[in-house]
Amino acid sequence: MKVEFLKNEQNNYIKVNNHLLTSPYSPKDEINRFLKQINFKLRNSTIIIFGLGTGQYLKDISMLIHKSNSIIVIEPEQELIENYLLNKKNNMFENIHIINSTADELIKFLENNNLNSRFKVVYCYMNYRNIYVELYKQIITSVRNDSILKLTNEATTKHFEKEFTKNIFVNYIFNEFDIAINALKNKYKNIPALIVSGGP
């Protein structure tokens, strides 16, 4: 992708492959429209924003976001992240992470940084969904599938919680008589065997 950093008499703005990524005329209005989309009443959630742009909106978000939430900004162009970080007027804010990532790497990043909450919501900044169509679709799909998996696991654990606990105590008395599987290594080598129950 060809990234262009441009400037008119009033504002800095960005083009990618000749498509406007940020507004050259009214960036503040653009930011305000974007902020109205975000549900700042959310708690204990992961808010994923597709697109950094100039990053000007991060200051506003940092003042509105609840401290129990985390914000992940996915920027497809590493050049834009570096440009944002090089500007000394810009700051990195608490609970806000900027990454250059594929859809699969996003889920790994959330897991590795303890940011993968059960509630995740994706917002798209400005014109990103029209420029990075496939990546945006992949991110939506990955986040949706991961959320479904998490909720399913939670429901399963909750439903069988008493049964799981009961089984632990029922089997506990047999622990001292059990033989570790390692003790059987090569013990019956080359002897046919029938496994009736291999267990979980």
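Observations on the model:
- Tyr13 farther than 19 Å from Phe93 by Cβ and assigned to a strand (DSSP E or B): yes
- One residue stands out in the range 16-53 among those that are surrounded by 12 or more Cβ atoms within 10 Å (Cβ to Cβ) and hydroxyl-bearing (Ser, Thr, Tyr): the one that is farthest from Glu111 (Cα to Cα), namely Ser26.
- Filtered residues of the range 43-86 (kept if touching a strand residue (DSSP E or B) at 6+ places or on another chain (Cβ under 7 Å) and part of a loop (DSSP other than H, G, I, E, B)): Ser45, Gly51, Leu52, Gly53, Thr54, Ile65, Asn69, Glu75, Glu77
- Within the range 10-49, if we keep just the residues that are polar (S, T, N, Q) and without any contact (Cβ under 8 Å) to a residue 24 or more places away in the chain, the residue that is farthest from Phe119 (Cα to Cα) turns out to be Gln10.
- Listed by first and then second residue, the pairs with beta-carbon distance under 8 Å, at least 6 apart or on different chains, first residue in the range 98-122 and within 12 Å of Ser70 (Cα to Cα), second assigned to a loop (DSSP other than H, G, I, E, B) and of a type in the set (A, V, I, L, M, F, W, C), are Ile98/Leu52; Ile98/Met92; Phe119/Leu42; Val121/Leu42.
- One residue stands out in the range 100-126 among those that are surrounded by 14 or more Cβ atoms within 10 Å (Cβ to Cβ) and of a type in the set (S, T, N, Q): the one that is farthest from Tyr136 (Cα to Cα), namely Ser117.
- Matching residues, the range 103-125, being part of a loop (DSSP other than H, G, I, E, B) and at pLDDT 90 or above: Tyr125
The values are calculated or read from the model by the stated rules, or taken from the named source; none is laboratory data. Keep in mind it's a predicted model, so treat the numbers as computed, not measured. Ideal geometry is used to build each Cβ from the backbone, glycine not excepted, and the neighbour counts take in all protein chains shown.
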